[in-house]
Amino acid sequence: MKIILLGAPGAGKGTQAEVISQKLNIPSLSTGNMLREAQKKGTPLGQQAKSYMESGQLVPDELVIGIIKERMAQPDCAGGFILDGFPRTVAQAEALDQMGVAIDRVIEIDVPDEAIVTRMSGRRVCEGCGASYHMTHNPPAAEGVCDKCDGKLVTRKDDDPKTVQQRLETYHRQTQPLVDYYQKAGKLRTIDGNQPLEEASAAILRALEASV
Ligand code: ADP
Ligand code: ZN
């Protein structure tokens, strides 16, 4: 199964991608995590992406298309995968189509902007593996420490309220048109992301089982 998760920053894509990944035993591919990883390593890609990410803009299409293409070619993707944070523009969606990647389902996780802004202030991510947590809605077992890898939990630079506002604008302008794109392709299902994590997960799994 090849799945795309669509939704505003902070809608819960990363967290839900992990849940589906466990359930269906397919990898979750996050372009955001890949770009942060590249930055940490100081690769040319990471350096090119940095200023865009810090200001809440999208990284140029060619850069992300290149990394996701490479990642999808890895053997663990043969049985399917979940795309978290890609595609984010119509050009990226068209590139996927041109690569011959047949997407089975697109799940839109719908959360109103007002809820996003409050959510982001409690978000923490693992420095080691990129897993995300929320101080009240999805806390780790031990404060400040990742459940999965014992890595340190930190606040993302781009999670400050001003940048969040910019990322929301970017989402509405550049990514939301994909809702229409995949609706027309008959692949879209929208679930309510403004409910407890487990309930949103259940709704996603139901949407994946149902025929579109
Ligand atoms: P979120 O979903 O919380 O906004 P991500 O971790 O998915 O966060 O992405 C963080 C940043 O990485 C984005 O604001 C953007 O700058 C960049 N990025 C991630 N994926 C893409 C993509 N597919 N196209 C362009 N930029 C991307
Ligand atoms: Zn971790």
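The values are calculated or read from the model by the stated rules, or taken from the named source; none is laboratory data. Since the structure is predicted, the reported quantities are computational estimates derived from the model, not experimental observations. So basically every Cβ, Gly included, is an ideal-geometry build from the backbone, and we count neighbours across all protein chains shown. We work out accessible area using only protein heavy atoms, side chains counted, and drop any ligands, DNA or RNA first. Shrake-Rupley method; radii C 1.70, N 1.55, O 1.52, S 1.80 Å.
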For the stretch 77-89, the count of residues that are under 16 Å from the mean Cα position of the chain (by Cα) and outside any strand (DSSP E or B) equals 5
Please verify whether the stretch 46-68 includes one or more residues that are at pLDDT 95 or above and acidic (Asp, Glu). yes
Of the candidates 109, 116, the one satisfying the condition of being out of contact with any Leu (no Cβ under 6 Å at 6 or more places or on another chain), away from ligand 2 (no atom under 13 Å from the Cβ), under 28 Å from residue 208 (Cα atoms) and in a strand (DSSP E or B) is 109
Across (1) crowded, with 17+ Cβ neighbours inside 10 Å; (2) under 18 Å from residue 133 (Cβ atoms), residue 22 clears everything bar (1)
If you go through 116, 109, 204, the only one that is more than 14 Å from ligand 1 (Cβ to nearest atom), of a type outside the set (Gly, Ala, Ser), touching a residue at least 24 places away in the same chain (Cβ under 8 Å) and open to solvent by less than 40 Å² (accessible area, probe 1.4 Å) is 204
The residue from 14, 56 that alone is touching a residue at least 40 places away in the same chain (Cβ under 8 Å) and either open to solvent by 30 Å² or more (accessible area, probe 1.4 Å) or in a loop (DSSP other than H, G, I, E, B) (or both) is 56
Determine whether residue 150 is of a type outside the set (S, T, N, Q), in contact (Cβ under 8 Å) with a residue 12 or more places away in the chain and at positive phi.
yes
Hey, residue 127 acidic (Asp, Glu) and within 16 Å of ligand 2 (Cβ to nearest atom) or not: yes
Scan the stretch 183-191 and tell me whether some residue there is loosely packed, with under 12 Cβ neighbours inside 10 Å and within 20 Å of residue 92 (Cα to Cα).
yes
Quick one: would you say residue 87 is within 25 Å of residue 171 (Cα to Cα) and surrounded by 21 or more Cβ atoms within 10 Å (Cβ to Cβ)?
yes
